[in-house]
Amino acid sequence: MANPGSLLRSRSLRKTQVRTSILQLMMENKIAMSERELEKLLNNQCDRVTIYRTLHTFLEKGLVHKVLDGQGSTKYALCHHDCSAEGEHHHDHVHFRCTHCEETTCLEHVSIPHVNLPQGYQAAEVNLLFEGLCPKCRQ
């Protein structure tokens, strides 16, 4: 994956310290993270509102996608597919939440199965979350 600066340029975003730091954290940790987790890792480098706005911008520009963690909170993970700069996301993969360490991971190579919805229904987004123990916590 590219460096934070080139990712920002690829989406016509200005390179700021906050944007660069958030992207760097997400690239290093390779898990989905909540606003609160990012705020903690950033050591009060910026406030919660700035983090929220940055994540919202990243979402709109196709840099991150939302992950529902099964606990009522939203986390964000880097897009590894051909998501557009207009915010069109193409994520047909499963997410896994460890019930021990509480990390949420994108399982990029596990596809969400196709579901035939009843007539009249049109899905805009599909989320599939598995919960259990991750490889680290199983040991």
³J(HN,Hα), Karplus 6.51/-1.76/1.60, whole Hz, each residue of the stretch 50-55, x for Gly, Pro: 5, 5, 4, 4, 5, 5
Of every Cα-Cα pair in the stretch 1-129, the percent that sits beyond 22 Å: 37
Accessible heavy-atom area order of ILE22, ILE112, highest first, probe of 1.4 Å: ILE112, ILE22
Under-5 Å amide H pairs with VAL110, H placed in peptide plane, nonlocal only: VAL94
Lys, Arg +1 and Asp, Glu -1 on Cβ, resulting dipole of the stretch 18-68 about Cα centre, debye, nearest 20: 80
Exposure of PHE130 as accessible area (Å², to 10), given a probe of 1.4 Å and all protein chains: 100
Probe 1.4 Å, protein heavy atoms only - accessible area per residue of the chain in square angstrom: 65
Accessible area of the chain belonging to carbon and sulfur atoms, whole % at 1.4 Å probe: 48
Amide proton proximity set for ASP69, modelled H, under 5 Å, gap of 5+: LYS75
Cβ-defined net charge surrounding LEU128, 14 Å radius [Lys, Arg +1; Asp, Glu -1]: -3
Interchain or long-range residues, amide H under 5 Å from LEU133's placed H: THR99
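The values are calculated or read from the model by the stated rules, or taken from the named source; none is laboratory data. Owing to the predicted nature of the structure, the values given are computational and were not obtained by experimental measurement. Ideal geometry is used to build each Cβ from the backbone, glycine not excepted, and the neighbour counts take in all protein chains shown. For accessibility, only protein heavy atoms count, side chains too; no ligands or nucleic acids. Shrake-Rupley method; radii C 1.70, N 1.55, O 1.52, S 1.80 Å.
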